[in-house]
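Novice: One structure, as structure tokens, below. Some questions next.
Each reported figure results from applying straightforward, stated rules to the coordinates on display, with no laboratory input. Since the model is a prediction, treat every value here as computed from it, not as a measurement. Note: ideal-geometry Cβ built from the backbone for every residue, glycine included; neighbour counts use all protein chains shown.
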Amino acid sequence: MTLKLLFLAPQNPYPPTDGGKISIYFPIKYLSNFFEIHLITPVRHIDDKIKESIKHFENLNVKYYPIVKNTDDKLIDLLRNMFVKIPFKWYKYYSNEIYSFCENLINSENIKFIFTSSPHMGLYSIKLKAKYPNLNIFLREHNIEFILAEQFANFTRNPIYKLIGKWQLKKTKILEQKYWELFEKVFFISDYDYEIAKKLRQDLSSKFHVLYDGFELNKICRRTKFDKKFILPTNVKALQNHVNIKWFIKDIWIPSLDWIKKNNFSLSITGGSKEEWERVLKMKNLEKFNIEFLGFVQNIDEEICKYKYSISPTIMGSGLRLKLLHSMARGKVVFATEFDVKTVKLFKDMYNIVSFNNHIEFVEKLNLLEKNANLYHSIRDNAIKTIKDYLSWEKYADKVVNTIIKEK
């Protein structure tokens, strides 16, 4: 008899066009080989795109139930959050309608397992577990959320935002650890997050697991010639991307511009229009720095394939999914900050990835790769091998299945 799994996610993951959606969509796709999956997400409204998603998931034998709940940030909700223990960014995902639907589904389908993709949806699992003690609930941390809240509070210069950030940080840090106590198992996306959690709550370490995102290797780029460009796959909607990209342009790209122009390199940034990026970065006329903006790319696999190099300029948040693993799976030589490289023990500088901390190191390593084709191809091949051996979606699904079966 096929086990039934309720999969709770904060957004509709189809089509999987960005890092957040990719890390929801593919686990569902591959876990559907082992479970009868019932997927629930909040959506702003039911439109043709949502109806298309329902049909798509039907073809994967996944039952998708989108439920209307606007999760946009609203000032009134932020003010109301003063009277709620749950962080604003999490509480805005909760609705009694979604909870009731989950409850009815558990009763009608006799569901015993819940996979919760990010703490934003965690309250549903916690409340359901309280009512149905035999439920087994599992949490997948997209990132450790209080670390992101801490980074926001530290990086923002706006005094009001800083005050809000510190307020939300306190709430997030308390509740996130409480969630770790209440879930059967907690999956972390990186070794970095896993080690932080273990140091903070050693008493819960038996619950903690590392669960790397995976990638489909049937999409390896088969080109032999590439545009002499860097691609930075990203999304203008995420605050941490504003910080990371502004740092990269000002501290790495522009100081390297003489070499870049002399060698005819350029940088392409996805995930937003030129106007949007110039507004959030507070920078104009970036084309004079050999920078272009691609907007929201429909087929990120094909787009990444065109470029010789990929960039993950993380100093805040995480570039692990889309910027690092996705590009490696496509056979790109990825330049990443030391912050990103330390997130996964599998990453080794100048073996399967290229680490940089400043513009001098960036140019030196790029120059070395341009002069040494064998080194370039070696790093590229090792990146693909790393994905194949350790970071496939099959391995992701196997780890989840084996962990859940132990709790059966």
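Novice: Mind pulling up the Rg/Rh value for region 103-209? Radius of gyration and Kirkwood radius, both on Cα.
Specialist: Value, to two decimals: 1.04.
Novice: In whole angstrom, and with the biggest value first, how far do the Cα coordinates of region 236-295 range along each principal axis?
Specialist: Over region 236-295, Cα extents along the principal axes are 33, 20, 16 Å.
Novice: What order, most packed first, do the peptides 109-120, 61-72, 84-95 have when packing is the mean number of other Cβ atoms within 10 Å of each residue?
Specialist: 109-120, 84-95, 61-72
Novice: Find how many whole Å separate the alpha carbon centroid of region 372-408 from the alpha carbon centroid of region 238-302.
Specialist: The two parts, judged by their Cα centres, are 29 Å apart.
Novice: D for region 335-384, whole µm²/s, Stokes-Einstein with Kirkwood Rh over alpha-carbon pairs at 37 °C and 0.692 mPa s: what number?
Specialist: Once the numbers are plugged in, D ends up at 297 µm²/s.
Novice: Moving to a separate point now. Given the pairs K228/K395; K51/K178; K29/K198; K306/K388, which are separated by over 26 angstrom at their Cα positions? Provide the component values of the computation, followed by the final result.
Specialist: Details: K228/K395 34 Å; K51/K178 36 Å; K29/K198 30 Å; K306/K388 21 Å.
Listed pairs above 26 Å: K228/K395; K51/K178; K29/K198.
Novice: Would you mind checking the radius of gyration and Dmax of region 257-347 based on alpha-carbon positions, in Å?
Specialist: Over region 257-347's Cα set, Rg and Dmax evaluate to 13.9, 39 Å.
Novice: Ranked by Cβ crowding within 10 angstrom, fewest neighbours first, how are C221, C102 ordered?
Specialist: Taking fewest neighbouring Cβ atoms as first place, the list is C221, C102.
Novice: Report, ordered by chain and residue number, the aspartates and glutamates lying within cross-link reach of K288, taken as a straight Cα distance under 17 Å and ignoring same-chain residues fewer than 8 apart.
Specialist: Cross-link targets: D251, D258, E275, E278.
Novice: For region 45-66 and region 125-182, what is the separation of their Cα centres, given in Å?
Specialist: A separation of 29 Å, based on Cα centres.
Novice: More than 30 angstrom separation, counting every C-alpha pair in the chain; what % is that?
Specialist: Result for the distance tail: 42 percent.
Novice: Separate question: Is region 191-283 rounded, prolate or oblate when judged by the Cα gyration tensor, a ≥ b ≥ c being the square roots of its eigenvalues, rounded requiring a/c under 1.5 and prolate requiring a/b larger than b/c?
Specialist: Cα axes put region 191-283 in the prolate bin.
Novice: Oh, and also: May I ask for the net charge around F7, where only other residues with Cβ less than 12 Å from the Cβ of F7 are counted and Lys, Arg are +1 while Asp, Glu are -1? Show your work: numbers first, answer last.
Specialist: On the way: positive: K4, K29, K63, R140; negative: E36.
Taking every Cβ under 12 Å from that of F7, the sum is +3.
Novice: Give me Rg/Rg_expected for region 217-390, where Rg uses Cα atoms only and Rg_expected = 2.2 N^0.38 Å with N residues.
Specialist: Computed over Cα atoms of region 217-390, the ratio equals 0.95.
Novice: Separate question: Might you list the cysteines of the chain that have no disulfide-compatible partner by the rule of another cysteine's Cβ under 4.7 Å?
Specialist: Cysteines lacking a close Cβ partner in the chain: C102.
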